[in-house]
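Structure, as C-alpha cells:
FYI, it's all coordinate maths here, none of it is from the lab. What you see is a predicted model; the values in this text were computed from it and never measured. Ideal geometry is used to build each Cβ from the backbone, glycine not excepted, and the neighbour counts take in all protein chains shown.
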Protein chains: 2
Amino acid sequence: MQCEQVHACIIPSTDPHIGEYTPARWKTRSWISGFTGSAGTVVITKDKAGLWTDSRYFLQAEEQLKDTGIVLYKEGLPETPAFSDWIVSELSAGESIGIEGDVYAASDVKSLIEYFSGKNLNVRTDFAPYDLLWENRPAIPANPAFVLPERFAGKSCRDKIKEVLAEVNKNQADITIIAALDTIAWLFNIRGNDVEYNPVCVSYAAVSEKETVLFISPEKLTQEVSAYLQKEGVAVAEYEKITDYIRRIPSGTKVLINPAKVNYRLYSILSENCIIKETTVHPADSLKSIKNATEIAGIRNVMKKDGVAMVKFLIDMEKALKNNETITELDIEEKLSTYRSGQDFYYGESFKTISGYGAHGAIVHYDATPESNAAVLPDGILLIDSGAQYFDGTTDITRTVSTGQVPEIIKRNFTYVLKGHIQLALAVFPAGTVGMQLDVLARHALWKAGMNFLHGAGHGVGCFLNVHEGPQSIRMNYNPTPLEPGMITSNEPGVYLAGEYGIRIENLLLTVKVKTTDFGDFYAFETLTLCPIDTCLIDCSLLSSEEIDWLNAYHQKVYDQLAPLLSIEEAKWLKERIILSSNPKFDDKHS
Amino acid sequence: MQCEQVHACIIPSTDPHIGEYTPARWKTRSWISGFTGSAGTVVITKDKAGLWTDSRYFLQAEEQLKDTGIVLYKEGLPETPAFSDWIVSELSAGESIGIEGDVYAASDVKSLIEYFSGKNLNVRTDFAPYDLLWENRPAIPANPAFVLPERFAGKSCRDKIKEVLAEVNKNQADITIIAALDTIAWLFNIRGNDVEYNPVCVSYAAVSEKETVLFISPEKLTQEVSAYLQKEGVAVAEYEKITDYIRRIPSGTKVLINPAKVNYRLYSILSENCIIKETTVHPADSLKSIKNATEIAGIRNVMKKDGVAMVKFLIDMEKALKNNETITELDIEEKLSTYRSGQDFYYGESFKTISGYGAHGAIVHYDATPESNAAVLPDGILLIDSGAQYFDGTTDITRTVSTGQVPEIIKRNFTYVLKGHIQLALAVFPAGTVGMQLDVLARHALWKAGMNFLHGAGHGVGCFLNVHEGPQSIRMNYNPTPLEPGMITSNEPGVYLAGEYGIRIENLLLTVKVKTTDFGDFYAFETLTLCPIDTCLIDCSLLSSEEIDWLNAYHQKVYDQLAPLLSIEEAKWLKERIILSSNPKFDDKHS
C-alpha cells in the first residue's frame, strides 16, 4: 500500500463473476483475514484493519478473527459505522483508496467512487497486490465442462441465444456481455465443476447478432463440448481474451449489461467506447427463471427421488433414536447424502447441509464441524436444511423434526411457522404481483405472536443450477420482479431463539396460472417438494380448518407419490407419520 | 404557439402547489378541454389535440370531449401511447414543446426534459399564454385565513418549526422551501378556504435558522392571524414575492425540497444559485403524518360525532325505504350533510360525497348530478363514501348498505370485501413494515375468488386537513414509508362489477404500538371509525371465527361509544342492527 500510495484498501468477498460462492482462487478476503463466512468485507489502513459482516456470522467471525488484530464491525447494529464512513473518518482529504476492480461489482464500485469523491478521497480500481503476496494462491479452476443434454434442458442453446438476442434488441442494444456463471451455464446448456455446489464453469459470454462467443479456458473443453458448441454456432475464445474482445467492440456500440453482475474492470473498459445500457435484471436471467415444460417435468421427478431419500433417512434416524444409538449432526449429513447419492442422475449436494440440533438450529447458517458436532438427544428438535443437484433438477428442503417429547411452547412456535408456510402455499394472486406483497402471508402468525425471521421467505431455485437464483424473491424487501408461471421459489418461514432452538419448514413452489376472470389472470403456487412434515410438532388447536385441510391434502399427495417408490415397511411408516391426530412416532414414550 | 414557435404544448391538471384539488384559477386543463376530472393531461399540436386520462374517467371524458375535436387517449390500455411518445411521433427533430413550469411538478418537468432532449426536441418551460386567452379567468383565491387553536393542533407553530429545522439540518441543508398547501397549514397551525374540501390557504413557506417566512396574500391576513404569526416568530411576505426571495438566497446555500411537490419554476430559480438537496418525503410531511396526543384525542371525538350522524342518517334512510318514499342519490348526499352539519365544530365536507346506487356504485369516483341522479329502489345495494372536516379532525367513511333483499352472490362478494377489511384491521407487524407488505391482507379473500380492486387499500388522512395525505399508503405499489405509531390510514377494500354494483367498506385506522419482544417493536391498528357494517349483507358461513369475533367486538364498541349520544329509540335500532344472526332490518320482507 505504501509503494502504491494507497491509504486504505477494500477487499470484498466477490470474484470476477460476482457469484454467491467463490472458487478458492478468489477467496482473497478469507485468505487475508482467516474469516471464511460467505459475506464480509475487509478494510485495511496503514495501522488498522476491520471486517464488516452481518448477524449470521457474528459468532464465527469473532472466533476466526481472534489474535489477527482485525476488528469485527457488526453490520446492522446502530453503533456500527458503514465501512465507507469508517474509511472517511480514518483518511485525510486527498488520500487514496485501493480496490481490485476485477472482483468488485460495477454497480458497487460506481457508488463507492461517487461517495468517496464527495469526501475528497480518490479511488484506484486497479489495486491488486495479492498475486505477489499470496503464497501458493490457488489457480483458476480448470475442471472439464460437460453438455447438459436437451432432454434435461428442454431447449437448445441455439434457441436460447435467439430468445436472448430478441430481448437485447428490445432493450435497444447491439450486444450483451454476461459474467454470471449460472446465466452462462443456462444459456449454453453446459455445466461444470468449478464452484462448490454450483455446477458451473468459470467463463464469460458475449452475444450479438454477429456472433456468440464463450470465453473459457481450452483445458475445460472436451472434444464433445467443443463439437457441441460448434454445432450450436457458438465461437470459443480463451477466458482471458474477454478484455481484448470488449476493447475491440466498435465505438458507439450499445452494450446491455447488469452492472450488479459484471465486474468493474469490464464495465470500465466498456464505458470507454460503448454506450452502456444498464438493466437490473438481465433478460437471460428472466428467461432462465421461467422453467420450460421439460424442466418442470424434471423437477417433479427429482422431487420424488429427493422425497424417497428424505423418508428413508427419517426412518433410519428415528430407528437410531429409538435404539438409543449415538447419532451426531455430522452423521446425519452423511446418512442423508448417502440416501440421495443412490438416486438416479444424482450429481452432488446443492449446498452445505445444515444439520443443527437444539441451540445449533438457531444459527441460520450453521455448519457442523468436528469441533461443534453435537450428538442428537431424544428430547429436542433438529433442523435439517439440505438439497441436491440432479441432472434433472435441483432441490432445497428444510424439515424440523422432533427427536423425542418436546415442550408445548416448541409445538406452538412450530405451528406458527407451519401456519405461515401453509398460508404462503395457499396464496392466489393477480398477474404482476411481486414477492414483497405475499411475504406477510409467511410471517403473520409469527408477527401476531411477537416473533419474526430475518431471512427471506422465498428465493428462486435453478434447474440443475444454483440453489439460489434470481430475479424473483419473496422477502420483506422490495424486489420489482413479479412472480410468473414457471418460476420455482422456496417457501421457508422459520423462527430462531438464540441459545435454544431453530425451526424452519421449507418446500419449493411452482407458480401456476389458475384462472382468468374479468379481473385478469390469477396465479397460485403448486408445492413441489414431497416429504412429510413432523406432525408430532403440531398444535392442531392453532390451525384453521383451511390449514388442516391443506396439510392433510399435502400429506396425501406425498404418500401417493412416494409410496410406490418405497418398500411396504417404509410406506407403512409414511402412512402412520402423516396422520395428524395419532402419529405413533414416540408412542412408547407417550405412555 | 405559432408566435412563440412552440410546436406542441402540454397542459397538466396541477397548479403551482401540486395538490390533488386545484382552485378554479388554475383549472387550465378543464378550461381548455371541458373535461373536469381530477386527473388528465391535454396535449395540443398545430393540428391535433388529445386528452390522456385513466380508467376512472373514460366515460366522463368521452362525454365531455364530444364535439371538441380533442381525441381521448385511454391510459393503461396496451394500445395507448404515452403522451410523451405521441408528441415524439407528431413532431420533427429540433421542434419545441411548451410547458408552463409554474404549474408543473419539478420532478415531472425534469423527466420530460431528459426524455425529449434524447429525442432532439426542445422543451420551453415558460410557455403560458393562458392569461391572454382565458376570458374572465378566475383570480387567485383571496379567502381569509384563520388560526387553528393549539387545543386542536396540539403543538405550537413555534415548536413545529423547530422540529422541521432539526430535520432540515439532519438532511445537511440550510433552508427548505415548501409549496404544498397542507404542509404549510399544518406547520403554521393556520387554515383557510381556498381549495374545495381542503381547509388550506394559497401560500408558500421558507424555513431556515435565520427566519421563517410565510408568503401569503395580505388580503387573507386578518388582524388576528397577523398578530398570531408575529407572536410565533413568523415573517410574512406577499405571495408573489417567493420568486424574488429564492433568487436572493446566497449562492451555495443548501436547499431541501421535495421536487414532486415544488413547481418547476421555483426549482429552476433555486438551481441557478443553490445546492438542491432532494427528498422524496419532506420531513414536515413525516412529522405531520404522526398525529400528536391532542390530535388523536380530537379524532376519537370526531369519530363519535361522525358515527352519530351516520347512524341517524341510516335510520332515516331505512324508514324512507320502508315507507316506500322516493329517495335519490342526491337526497342521500343532502341528508347526510345535514346530520353532519349539526355536529360540534363541523366545518364542511372533506370531499364530494359518493352516493351510488346499483350500477353507479361500480363507478369508483361516481359523482351524482341532477342528470344521473338515480332513485334508490328497495332491491339492491347503495355505496356511500363521505367524510367531513371538523376543527378537531377529518373523517372518511364508506358503507355499502342493502336497500332490500339482495341475491346471495352480492352477499358473498360483500363478505369477501369484509374479510379483507377485517384481516387488515387485525394486522400485527414489526416496526419498519411498509404498506405494500400489508396490502394483500385486504385483498386475499377477493384474489382467491378471482376478483380485485385497483385503488389503494389505504391512504393517509390529515387532521382537519386533506382527506388524502402522505407519506404512507397501503397499496399494491411500493412506497418506502413505514407505518408508524400515530399515523392515521384508511382501510378500504372494495370490489366493482361494471354495470352491476360496487362494494366498499372503509374505516380509518390508527397505528399503535402493541408490544416489544426480543424481535423488536410490534405495531397494530386500532379502528377509529364508529359506524355499523350492514349485517344483512354478510354470509357468515364465509367468515372465520376470528373474523366473527372481530366484527362482534367492533360492533359492541360502536354501540358502547355511540349509544350514550343517541336517543333511546336510535340506540335500540343500533343494538338490533349489529346482531350478526338476526338483523331485523327487512324483517317484514323476510316473512
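Per-structure values
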item	result
Length added when fully stretched, A:I548-A:S372, from 0.36 nm per residue minus Cα-Cα	59.6 nm
P(r) of the range B:285-343 over all Cα-Cα pairs, binned every 5 Å from zero, in whole percent	4, 17, 19, 17, 12, 10, 9, 6, 4, 2, 0
Solvent-free Debye scattering, log10 I(q)/I(0), computed from the Cα coordinates of chain A at q = 0.06 Å⁻¹	-0.33
Residues B:R340, A:R475, sorted so that the one with the fewest Cβ neighbours within 10 Å comes first	A:R475, B:R340
Model label zone, A:D316; criterion: amide N under 15 Å from point 7 Å along Cα-to-beta-carbon; scope the range A:558-573	A:567, A:570
Normalised per residue, the volume of the convex hull around the Cα set of the range B:265-381 (Å³)	181
Chain B: antiparallel DSSP beta bridges as a percent of all, rounded to 5	75
Tail weight of P(r) past 18 Å, computed on alpha-carbon pairs of the range A:1-109, percent	49
Of A:K254/B:K110; A:K162/A:K277; A:K110/A:K254, pairs whose Cα-Cα distance is over 23 Å	A:K254/B:K110
For A:S473, distant residues with modelled amide H under 5 Å away	A:G435
Considering only the protein assembly as shown, percent of DSSP beta bridges that pair antiparallel, nearest 5	75
Rounded FRET efficiency, nearest 0.05, which uses the C-beta distance separating A:E219 from B:K557 and R0 of 60 Å	0.20
Local electrostatic count at B:I533 - Lys and Arg +1, Asp and Glu -1, tallied over other residues with Cβ under 11 Å	0
Net charge of neighbours whose Cβ lies under 12 Å from the Cβ of A:I276, counting Lys and Arg as +1 and Asp and Glu as -1	0
Efficiency of FRET between A:L330 and B:S541 - r from beta-carbon atoms, R0 45 angstrom, step 0.05	0.25
Of the DSSP H helices in chain B, those whose Cα atoms cover at least 27 Å axially and whose Kyte score averages -0.5 or more	B:293-322
Residues A:Y264, B:Y73 arranged by fewest to most Cβ contacts within 10 Å	B:Y73, A:Y264
Cα centroid separation - the range A:516-577 against the range A:208-268, whole Å	46
Local electrostatic count at A:I97 - Lys and Arg +1, Asp and Glu -1, tallied over other residues with Cβ under 15 Å	-3
Residue-averaged 222 nm ellipticity for chain B, from DSSP H runs of 4+ at -39500 (n - 2.57), nearest 500	-10500 deg cm²/dmol
Residue order, fewest to most beta carbons within 10 Å, for B:E196, B:E547, B:E100, B:E135	B:E135, B:E196, B:E547, B:E100
Under Karplus coefficients 6.51, -1.76 and 1.60, residue-wise ³J(HN,Hα) of the range A:92-101 in Hz, glycine/proline x	10, 3, x, 6, 10, 10, x, 9, 8, x
Förster radius 56 Å - calculated FRET efficiency between B:A142 and A:S117 (Cβ-Cβ, nearest 0.05)	0.65
Alpha-carbon centroid distance for the pair the range B:47-102 / the range B:1-33, whole angstrom	13
Inter-chain shielding of B:516-528 (mean C-beta neighbours from other protein chains, 10 Å cut-off)	3
Computed lengthening from A:E272 to A:Q172, 0.36 nm per intervening residue step minus Cα-Cα distance	34.1 nm
Rounded D (µm²/s) - the range A:392-497, Kirkwood Rh over Cα pairs, Stokes-Einstein at 20 °C, 1.002 mPa s	146
The range A:143-199-the range A:277-315 distance, computed between alpha-carbon centres (Å)	16
